[in-house]
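Taken together, the values in this text are just the output of simple stated rules run on the coordinates, not laboratory data. Computed from a predicted structure; not experimentally measured. No Cβ is skipped: glycine too gets one built from the backbone with ideal geometry, and neighbour counts run over all protein chains shown.
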Amino acid sequence: MNALLKSVTIINGNTTDLHLKKRDILIKNGVIEAIENQIEPTGKIKVIDIKNLHVSLGWFDSGVSFGEPGYEERETIENGLQTAAKSGFTDVVLNTSSHPTPDSASDIVYLKNAGKDQLTTLHPLGNLTVGGEGEVLAELYDMKNAGALGFYDYKHSLANANMLKIALQYAQNFDGMVFSFPLDKSISGKGIVNEGITSTKLGLKGIPALAEELQIARDLFVLEYTGGKLFIPTISTAKSVKLIADAKKKGLQVTCSVAAHNLVITDSDLEDFDTQYKVLPPLRTSADIKALQKGVANGTIDLVTTDHTPLNVELKHVEFDNADFGTIGLESAFGMLNELFNVEETIAILTKGRSIFGMEEPLLEVGQKANLSLFTVNDTYEFSKDHIFSSSKNSIAIGKQMKGKVVGAIANNQLVLNA
């Protein structure tokens, strides 16, 4: 793949000489060959000359779900990775949300093979327990050797604290990352939205903030006892931010993420009973959102994820109580975050996190393989179904104002453009 990016503004806070500078970037055979004030095209080359085009290191998402295997009607791995590329993401971590769930080395190999030869690189997680049932530890070491980045029973918390203790102790032998979803089911029960004024007014069963915070407090006590590496995905409350901040001050190896929609949308938006707003963890209050935004800004929250969860239409077009949890998020992540933060902060959020999982960080330098996201920053628009590339259309972002548009991505010697 040969391409010449003309007069692009480089957003790369890791360097001072190129950051916020306009340059031409020449890419040959997938490698950055030159970064100069002006480069003239020669030979057979794709020239990309778009007004106000910006470029950064390729974006990273720590938690996406596709359907394959088992739910291909929701999203195949191939279409999911193409959606990620068109949304600017060059690396994605795949959740254990398929059927069957991946709990052996052969499952991890299957997923990696299914995602090969794509612009966006797929990094699968493996189940922490067999079948995600929380009873028997899965083949963690074998899955790690096969390429699993970590171990996660997707959206299922571990009721058995001893299972978490054993997993953290065992995974330390091979530097494994253990995930623990923050929800105490004995507290949340059959709740479906945040417990508070809105749930009471609408007559919907609530999930108290306590259900999340109690699980996190327990998990952090276990981590302090065992050591090891713990990742807490998609936190959603102000107290959760404080618990994790305090744990980090103690020197515990704990990292966490928040879903992009939990940073911008509150439970007050539930008043129309729109099932697109039924997500897990649930949308919380404006006070929680402010604490989450502050946690992202000061680094307490390590990653912002799209929590991309495709669902076929019959799982959403039902009564609110009966609808499945989840929203797609790859296509709307940049516009949503860029509306909330300035562009430098947004790109810092979208490009960080690979090192947490032991991945090699790309570099925007001459001689390095091109791993880039292309975008504009000031276009404003209302997000609609026309902006969705996923097979499923269950987006919480429909009707929301966005700022900035993804133009495409370059990685693995491939180029994808939306324009």
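Here are the numbers for the structure shown:
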item: Efficiency of FRET from Cβ geometry, Thr16 and Tyr225, R₀ 56 Å, rounded to 0.05; result: 0.85
item: DSSP beta bridge pairing in the chain, given as percent antiparallel to the nearest 5; result: 50
item: Under 5 Å, built H, 5+ apart or other chain: amide partners of Thr121; result: Asp91, Val92
item: Global form of the range 65-108, assessed from the alpha-carbon gyration tensor, a/c cut-off 1.5; result: oblate
item: Ratio Rg/Rh [Cα only; Rh per Kirkwood] for the range 100-251; result: 1.02
item: Largest-first principal axis extents of the Cα set of the range 104-194 (Å); result: 44, 32, 19
item: DSSP-defined antiparallel bridges as percent of all bridges, the range 55-144, nearest 5; result: 10
item: Kirkwood Rh and Cα Rg combined as Rg/Rh, the range 1-89; result: 1.10
item: Cα-Cα separations in the range 228-301 greater than 17 Å, expressed as whole percent; result: 42
item: Reciprocal mean inverse distance between Cα atoms of the chain - Kirkwood radius, Å; result: 21.8
item: Around Gly67: net Lys/Arg minus Asp/Glu count, Cβ-Cβ under 12 Å; result: -4
item: Isotropically averaged projected area of the range 298-388, using the convex hull of Cα atoms (one quarter of hull area), nm²; result: 8.9
item: Inter-label distance for Ala161 and Phe325, nm, one decimal - labels placed 7 Å from Cα along Cα-to-Cβ; result: 2.2
item: Kirkwood hydrodynamic radius (C-alpha pairs) into Stokes-Einstein, the range 268-419, 20 °C and 1.002 mPa s, D in µm²/s; result: 124
item: Amide H partners (placed H, <5 Å) of Cys256, local residues excluded; result: Ile232, Asp302, Leu303
item: Straight-distance crosslink candidates among aspartates and glutamates, where the alpha carbon sits under 13 Å from Lys249 and sequence neighbours closer than 8 are dropped; result: Glu224
item: Alpha-carbon Rg with Dmax, taken over the range 200-248, Å; result: 13.1, 44
item: Distant alpha-carbon pairs in the range 340-419 (separation over 22 angstrom), percent; result: 39
item: q = 0.12, 0.14, 0.17, 0.18 Å⁻¹, the range 55-133: log10 I(q)/I(0) [Debye, one scatterer per Cα]; result: -0.31, -0.42, -0.60, -0.67
item: Label-point separation, Met359 to Lys51 (7 Å along Cα→Cβ), nm; result: 3.4
item: Karplus-derived HN-Hα couplings along the range 354-365 (A = 6.51, B = -1.76, C = 1.60, θ = phi - 60°), whole Hz, x at Gly and Pro; result: 4, 5, 4, 9, x, 8, 6, 7, x, 10, 9, 9
item: Gain upon complete extension [Glu36, Asn378; 0.36 nm per residue less C-alpha separation]; result: 120.7 nm
item: ³J(HN,Hα) computed for each position of the range 172-177 - Karplus, 6.51 cos²θ - 1.76 cosθ + 1.60, integer Hz, glycine/proline x; result: 5, 5, 9, 6, x, 9
item: Under 5 Å, built H, 5+ apart or other chain: amide partners of Ala34; result: Leu26
